Every structure is written in C-alpha cells, then in structure tokens.
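The structure appears right after this line, and notes come after that.
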Amino acid sequence: MISTAGKKDTERIKSVQEFQGKQAYSRSKFYSDKVRVSVGAGTCGLANGAADVLAGLRDEVGTSGLDFLVRQTGCIGYCQVEPVVDVLAPGLPRVFYHYMSAGKARQLVRAIAEGDFHPDWALGRLSRDQLLVRSERDFSSKPNGLSTVPKLEELPFYKAQLKIALRNCGFIDPHDIEEYIATGGYSALAQVLASIDPEDIIDLVEKSGLRGRGGGGFLTARKWRACRQAHGYPKYVLCNGDEGDPGAFMDRSIMEGNPHAILEGMTIGAYAIGSDSGYVYVRLEYPLAVENLQIAIEQARAYGLLGPNILGTDFSFDVEISRGAGAFVCGESTALMASIEGYSGEPRAKHIHTSEKGLFGQPTNLNNVETWANVPVIVNEGAQWFARIGGEHSKGTKVFSVVGKVKNTGLVEVPMGVTLRDIIYDICGGVPDGRAFKGVQTGGPSGGCLPESLLDLPVDFERLVEAGSMMGSGGMIVMDDHSCVVELARYFTEFLTRESCGKCTACREGIVRMLEILEQITCGKAVREDMDLLDELCCYVKDNSICGLGKSAANPTLSTVKYYRDEYLAHIEQRRCPAGVCRELTKFVVIPDRCKACGRCVKTCPVKAVRGREKVAHTIDQDKCVRCGACREVCPFDSIAVA
Amino acid sequence: MKLDLKSVDQIIGKYDGEDSWLVMILQDVQDKYNYLPECALGRVAESLKIPLSRVHSVATFYSSFSLAERGRHLIRVCDGTACHLRGFTHIKEEISRHLGISEGQTTKDKVFTLDVVACLGACALAPVMAVDGRCYGNMNAEKVRVVLDLYRREKRH
C-alpha cells in the first residue's frame, strides 16, 4: 500500500506535456524487470481469506530475500474462485491463480524464484494485459512455457465479457495512482483539458449513447447539458455510490478496485458542465470503498489531477466523500442530496429538476459509479466505438452481479442485448446441484422476477421494463426450485416497509398493507379475494407515491403474480408451499427408499430433530423440527421431500 | 454517569463546525462512544447552532445509529437477496441460539449486539455476516459458532 498523503509538491504534474512524461515513467515502472505478485483484496476476496494470503506472500518474499513487488488489487469479478493471486513477470503472460491459501502462496513464490510458474494451480493466463481493447503487451501467440494454462479470456466465464467499467478491477493496485496512469488512466482527462471544448464533450457523450447505469437509464449527455445550461454558481457534480439494491455490488467493486476511473470521469464531467466541486456519496456498508476512494482522492490531489489548476490549466475541481448512514432511500437523487446537506434522507417531488436546483439549492448533476467509470473510455476510444457495442437504444456494456443459486457467482460485464440465458448459463454455468431453474430476479426491490420462458430475453433497459422488471443497478439473483417466489415478494415488500421514509401516505401505509396480505399468503391464512385486494393496493401505491421507491414498490409482487400465479394459488387454496420454504405450510419427511443413512442431515440439523443411525433410514421428529430445510440442502441423495 | 464530551468537540472541529456534515459527525461520535449518548447529541446541536430536533431526526432516521448502548462487537447479518435465498434465516437463528439474543439486542455481558442489515455487498459469497466490519462468507451453522467463539475469546483484539 502506498500513501502519498505526505508527499512533496514535486509529484505535482504541471502541464499536459508533463503528464505524458509521467505516463511513460509509470508504464516503465509497471512493466519493470521485477516480478510483481498481487492478491485480489476487495471485500469479497478478504471475506475469503485474502488477508492471510497477502500476509503469507509478504512474509515469504521478505524472508527469502526476493526482489519481488507484492501488491494488492481489487476483484477480477470471479468471486467464486477467490482468493486469487496473479503474477506479472517480465517477458511472460500474466498468470492468475485461484483458490489460493497462505501456504500455497508461499510455495508459489518459492517456485517462481526457481523459474517454475506452477501451471497446475493457474486459473488462466492473459494473452493481452487487459481484457479491454488496448494493451501494452501482447502474448496471444507466445505463451512462453505456459501453454498448458488456458487463456483467461477464453474461459467460459470471461469469453463473452467486455470490461469497460470494470477494466482495471483486479488488474491494478487501487492504492497506487501510477498503476492507473500506466494502464491509460487520466489520459482522457489530459486530452480533454488540452484540446476539447466543454460543449464538444457533451456532444461526444451524446453520440456514444451512454445512459445512466444506476437504474433509470436516463441519457447522460442530456443531464449534463441541462446542468450546464442552468443558471447559478456553484454547480455540483455528484457520484451516487449508495448501491442499495440488495444483491448488487458492482459499484463497490469499482470504488474499491478502480477508484481513479470514477474521479477521472467526474472531473471530465465537471469540466463539461462548468463545476468546480463534487461529492461521492458512499453507503455505510462499504468501508473499504471509502478507504480506497479517500486514498485515490489524496493521490490525485498530490499529482495535480484534482484541486486547483488541474494539469496547469485554469480548470479547478475537487471532490469530497460523504458517507451514508444506512438508508436505502438515499439512492434516490433528492434524498441523497438531503443527506449530503446533513438532513434525513427524505425525497422531494421533482417539479423543479435537480439540474436546476439540487444540492444546496444549486444546479447539480448526479450520475452513478458505473456511469462515471465509462466516461474516460468513451473519450479515449471515441463515441462511435462505444455506440457500436450493445443494442439499438442501450449502448455499451452493463455490469451484472450474478448471484444466488448459480454455479459461478461474481461480476459479469457484457455488451447490452445479450440474453439472460447467455449470462446465467453460458457465463455463469447455470443452476448447481442438478436443481431446476425457477427464475431470475433483476433490478432489486424495484425490479421483478422473470421466469424460464423469458430466458431468451435480450437484456437492455427497454426489454426488461416491458417484461415487468427493470435494469436497476444490475443485480441478478438466480432462483432454483427450492426458492419460493411468494416468500421473495414478501421479503422485498418487508424490505421496502423498513426503507420507506414515511413522507407520503401511499408508500408508508400502502406497502405495509401489501406486506400484511403477503404474510397471510405465506402463512396459509389468505383467501382468494386477497389476491384482488393485493392487486388493487399495488396499483394504488404505484400511482400515488412521490418517489421511485414507492412507484416501483409493487414490481416484485406484480411480476411474481404475473408469472407465478399458480404458486400463489397453491399457497392460498391448497395451503402448500411447493418450494418448501414457507414454514407454516411445510413439513419435511425422509423418503426411506432414497436415504442412504449417511448421517449428514443428522449432523446439520440445528435442533437435533433428525434421528438416525448407520444403515437405517433416518427420520425427522416433527415436534422438534423448525422447518429450516437445512437437511434438504445437504442431502446428496435428494431423499428429503416436502410433504 | 457523566461522559467526557471533549471528543465531540474535536470531531466537530474536524468538520469546521459545518452543519452540512451532520450525518458524518454523528457517525464519528458513534464510532467514539459506540452509540449516540443523549448528552453528545445535545453538544452537537449546541456547537453546530442547530435545533436538537434536527439532530434527533437524523439520529433516528438512519438505521446505523443507535441511541442505546451496544455490545463491544457488532454482528451484522446480511439479509440481501442472495443471502436471503441461501440461508440467511439459518444463520440468524444460529446466532440467536448461540448467544441468546434476537435482532437488535445485546448480550447481558455486553460483548455482542446483533443487527440485521440490508446488504453487505459480498453477495457472491452468500450467506454472509460481518463482525466489526470484517466480512465472513459462505457461512453455515458451524462456522457461525467458530467465528463467534473467536470474538468471545478476544483473540483478534
């Protein structure tokens, strides 16, 4: 970890020419003659033991007296296989190793010192140094002794991916601005400040077709232009890092792994809009994102890439971090601004757009993390290049967090317009344990649930809305036949009752009434007429709420009623939960013919309700059983059934 | 018990006494005292020259603030969608059984407080829980007991 907080003014880059010199220097440092070993140490990596791996690496390199660089990076998106270690050695393709431990990392370092790159532990090798178009070194035709290691970009998980927003995540050390500069970072800003007029940047972004990645999909250039044309000074540029949708974590990964991309995007935006001050609003649950962003801001200031007279020009812009304190509604623009101003995060009706009167009553432009991270690439590669990726109205790529009942969990960045099937089956390997796919929930609490019949739906802003869901921030939660959609609708509705700020009646009271009905259904106490009442309530809340939270609160319920009506009816009419999730309606029994008396369920049961001994089929004591289903999940023979 | 409020003054000084930083000031105060003591809220209002009602409104609006004393270790169980589908309920119930507290409660010995949060953003490793900000992924009942016992023995601290 490198902190430049106390560095002298000598780091300061005073002109665009000087920046080019810095770029060449950073490159030569990044691709030096030393071996560089790094560990993916995002929140996901750390939760999987990356800290121990890093400590092991540092210790081994130190005690062996090797002249290796040990670094920490963000997450390469393949969270499933973490901890991940990668090795960048002179003259060799970059190699990524998966399922590492401290012991394996030590062995790897010793082996590399002897010239053995342990191909058997490798996940893949990069034939270009980045998965994006531009790259310093190209090894596509020269595996240099690593030919048995598959190419990373040809693995099923990466094959269809194109990393724009995630371009550096897992590839550079987020604590070192020079690694960002070495891989092309801040070159877009330098180019903008040297030779592009603010209006022309807005035109460029307009031609690229970039739309907001935070959920709504509003055209970014239109927002920027409205704010540029608004009267008033100062103007503010904000970044929405309040990634509140449960199940989505791409913004966290970018803030942790590539924070400078956000700062560079915001600075370009601020130049286009005519702003000199900005905030990044980060949710409380992301302490590592706050830490890495803070380091990035301090380094950018020290290098003259933030603050007064950026790169020696007369353009000045600075950014501060504002930390949230736990409120989902603060992802809404006006609530977010209220929170930065030091008030409760209550949204207001937007009769006057925030581009005219936003933060502190001044013209304000708000984009989300992923949107900002796209901006430098659009400047570097051109609007046409960007507009060629994706579909007709949804340009570029989108990052999805594919989680839940799916084999390869992680972050997936694909051109818009690929189908749900491509993402869930081809990239993420489908549903594990031989279970059946039931549906996929997209768009978080504002989105909906899509069934198997829609697996060939191309994923873009419009098509998802047509299907009754929405893009949201890109969470995709896959469900198998052990997931109950009614319970899921209840879960989201309960979440929204907690997160409703309480300002407008429709949302505050309406969602609570919806929840009551959904609870009755999951308890088996509902009657057929409740479905009509539920439908009526959904429409009422949708039509009468002030902000997006209430307007979209009915989506989880409406979409599940639409696509899984039979499952609702099974709960109501037969008092049965087909998935075996709703406890009041579920009883687990052992099918004696299938039971091999292996004892796993006996060991797993938290309340010791499963009885059994060797060679005798087990039984479940219904009086003790709490219907948690833990036994069913561990049974390898599928011998526990819902009665 | 009378609390030493010097730290509150220092925190407010760090933010130049600007009331727009109220949310972060209260976070820092909570980090310092482990909860938001009534008298600290009064001092914040007084120093920032804003009504106490506004401080209270913020302190009760955001879910991370606590007006009651909490345990030494804060357990946050993730109830994000992925965790919910992959066994959040088992994890929460196991913690409750193991510590004898339910959501929002603190153990009698003031070692643990149990909170449920919307999403910790480590969905790929669901189900997830965090203790004092450190995430633990792919949890099951047995791992819950191991992790909690680690903190109970204070070996990490």
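Annotations
- Taken over the range B:134-144, the criterion of being touching a helix residue (DSSP H, G or I) at 6+ places or on another chain (Cβ under 7 Å) and without any contact (Cβ under 8 Å) to a residue 24 or more places away in the chain is satisfied by B:Cys135, B:Tyr136, B:Gly137, B:Asn138.
- Top-ranked residue in the range B:12-31 [being over 21 Å from B:Ser63 (Cα atoms) and part of a helix (DSSP H, G or I); ranked as farthest from the chain's Cα centre (by Cα)]: B:Gly13
- Summed over the range A:317-375, the residues that are part of a helix (DSSP H, G or I), at pLDDT below 95 and on the phi > 0 side of the Ramachandran plot give a count of 0.
- A:Ile310 meets each of the listed conditions (1) within 14 Å of chain B (Cβ to nearest Cβ); (2) buried (at least 24 other Cβ atoms within 10 Å of the Cβ); (3) more than 14 Å from B:Met24 (Cα to Cα) apart from (1).
- Residue check for A:Lys596: within 14 Å of another protein chain (Cβ to nearest Cβ), in a loop (DSSP other than H, G, I, E, B) and over 38 Å from the mean Cα position of the chain (by Cα): no
- Where a residue in the range A:520-547 is without any contact (Cβ under 8 Å) to a residue 60 or more places away in the chain and its partner, wherever it lies, is aromatic (Phe, Trp, Tyr), with Cβ under 8 Å and at least six apart: A:Ile521/A:Tyr568; A:Met531/A:Tyr568
- Residue that is nearest to the other protein chains (Cβ to nearest Cβ), among those in the range A:273-289 that are in contact with a Leu (Cβ under 9 Å, 6 or more places away or on another chain) and among the hydrophobic types (A, V, I, L, M, F, W, C): A:Leu288
- Scanning the range A:233-288 for residues that are closer than 15 Å to A:Leu166 by Cα and free of Cβ contacts under 8 Å to residues at least 60 places away in the same chain gives a single hit, A:Leu263.
- Scanning the range B:100-125 for residues that are in contact with a Ser or Thr (Cβ under 9 Å, 6 or more places away or on another chain), under 19 Å from B:Leu67 (Cβ atoms) and either within 14 Å of chain A (Cβ to nearest Cβ) or not small (Gly, Ala, Ser) (or both) returns B:Ile101, B:Glu103, B:Gly104, B:Gln105, B:Thr106, B:Thr107, B:Phe112, B:Thr113, B:Leu114, B:Asp115, B:Val117.
- Of the numbered criteria (1) within 14 Å of chain B (Cβ to nearest Cβ); (2) touching a strand residue (DSSP E or B) at 6+ places or on another chain (Cβ under 8 Å), the one A:Ile591 fails is (1).
- Test result for B:Val128, β-branched (Val, Ile, Thr), at the interface with chain A (Cβ under 7 Å from one of its Cβ atoms) and either within 25 Å of B:Glu154 (Cα to Cα) or without any contact (Cβ under 8 Å) to a residue 40 or more places away in the chain (or both): yes
- Unmet criterion (only one of (1) assigned to a loop (DSSP other than H, G, I, E, B); (2) of a type outside the set (Asp, Glu); (3) touching a Cys at 6+ places or on another chain (Cβ under 9 Å)) for B:Ala82: (1)
- Positions within the range B:31-50 being within 12 Å of chain A (Cβ to nearest Cβ) and surrounded by fewer than 15 Cβ atoms within 10 Å (Cβ to Cβ), in sequence order: B:Asp31
- Top-ranked residue in the range A:378-423 [being outside any loop (DSSP other than H, G, I, E, B), β-branched (Val, Ile, Thr) and within 14 Å of another protein chain (Cβ to nearest Cβ); ranked as farthest from A:Ala165 (Cα to Cα)]: A:Val403
- Residues in the range A:532-575 that are aliphatic (A, V, I, L, M) and part of a loop (DSSP other than H, G, I, E, B): A:Ile546, A:Ala553, A:Ala554.
- Options A:Ile521, A:Ile517; residue that is surrounded by 23 or more Cβ atoms within 10 Å (Cβ to Cβ), over 27 Å from A:Arg213 (Cβ atoms) and away from chain B (no Cβ under 14 Å): A:Ile521
- Helices (runs of 4 or more DSSP H) wholly inside the range A:173-214 that include at least 3 residues being more than 17 Å from A:Ala383 (Cβ to Cβ): A:177-182, A:187-195
- Pick from the range B:131-157, criterion of a type in the set (A, V, I, L, M) and out of contact with any Phe, Trp or Tyr (no Cβ under 7 Å at 6 or more places or on another chain), ranking: nearest to A:Arg600 (Cα to Cα): B:Ala141
- Which numbered condition A:Ala50 misses (of (1) among the small types (Gly, Ala, Ser); (2) buried (at least 16 other Cβ atoms within 10 Å of the Cβ); (3) more than 14 Å from every other protein chain (Cβ to nearest Cβ)): (3)
- The one condition in (1) more than 7 Å from chain A (Cβ to nearest Cβ); (2) buried (at least 18 other Cβ atoms within 10 Å of the Cβ); (3) in a loop (DSSP other than H, G, I, E, B) that B:Phe65 fails to fulfil: (1)
- Residue satisfying condition, being of a type in the set (Asp, Glu), on the phi < 0 side of the Ramachandran plot and within 14 Å of chain B (Cβ to nearest Cβ), within set A:Asp460, A:Asp481, A:Asp433: A:Asp481
- Lone qualifier among A:Gly472, A:Gly502 - being within 20 Å of A:Thr409 (Cα to Cα) and within 14 Å of chain B (Cβ to nearest Cβ): A:Gly472
- The range A:267-304 - residue that is of a type in the set (Asp, Glu) and in contact with a strand residue (DSSP E or B) (Cβ under 7 Å, 6 or more places away or on another chain) and, of those, modelled with the lowest pLDDT: A:Glu285
The values are calculated or read from the model by the stated rules, or taken from the named source; none is laboratory data. What you see is a predicted model; the values in this text were computed from it and never measured. With ideal geometry, Cβ positions are generated from the backbone for all residues, glycine too; neighbour counts draw on all protein chains shown.
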